[in-house]
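Nothing in this text is a laboratory measurement; each read-out follows from the coordinates by a stated rule. Given the structure is predicted, the values throughout are model-derived calculations rather than measurements.
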Amino acid sequence: MKRWILAALPAVAAAGCEITFDDPDLQVRQFSEDELKAPPGESEVKSAIIGDVRERRMLLTKLDEGRATIPPEIRLDNFGLEATRARDGKRLVRVILREDPADRVDPTVETAFWDNEVTAYYYHYEGGHPHRDVWFGPLRINMARKTTPP
């Protein structure tokens, strides 16, 4: 059986037949090649961060392990709404994971600052009962495709 397959393969190749495989995503979901090879968009990055925080690392259960100070790799501007990299001043993308209304008894704000260059984020948790102000990071996420700056 193996000999027959080995003999048939060169015969097919010599006959000029071209063996091609179609990607099912192109036909079923009507994607183009460019869309499949495109870098992850803003919503894909946000989904990856939320999945990493909630499911993979379960950071809400590890708040005692975080640090109370801002990581030395970043600087916060504009009352903590904008972050830049400390070494070169490049802006980081702010991703809001959870933001309770301010009139709630113990509001919680969860924010991540995404760095496209190193595909990592810095996670900040503030609020709750008892009140906590905790930082984690940098936490790397391995993306299947290279991300582009926004």
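Assuming 0.36 nm per residue, please report the length gained on full extension of the stretch ARG85 to ASP103 beyond their Cα-Cα distance.
Value of the extension gain: 3.2 nm.
Report, to two decimal places, the Cα Rg of region 42-150 normalised by 2.2 N^0.38 Å (N = number of residues).
Ratio of Rg to 2.2 N^0.38 Å for region 42-150: 1.04.
Can you list the residues, at least 5 places off or on another chain, whose amide H is less than 5 Å from the amide H of ARG98, using H built in the peptide plane?
So ARG98 has HN proximity to GLU110.
Which ³J(HN,Hα) values in Hz, rounded to whole numbers, follow from the phi angles of region 82-91 under the Karplus curve 6.51 cos²θ - 1.76 cosθ + 1.60, where θ = phi - 60° and Gly and Pro get x?
Using θ = phi - 60°, the values come out as 10, 10, 10, 6, 5, 6, 10, x, 6, 6 Hz.
Output wanted: per-residue J couplings in Hz (rounded whole) for region 59-73, from phi through Karplus 6.51 cos²θ - 1.76 cosθ + 1.60, θ = phi - 60°, x for Gly and Pro.
Taking θ as phi minus 60°, the curve returns 5, 5, 8, 10, 4, 5, 8, x, 10, 8, 9, 5, x, x, 6 Hz for region 59-73.
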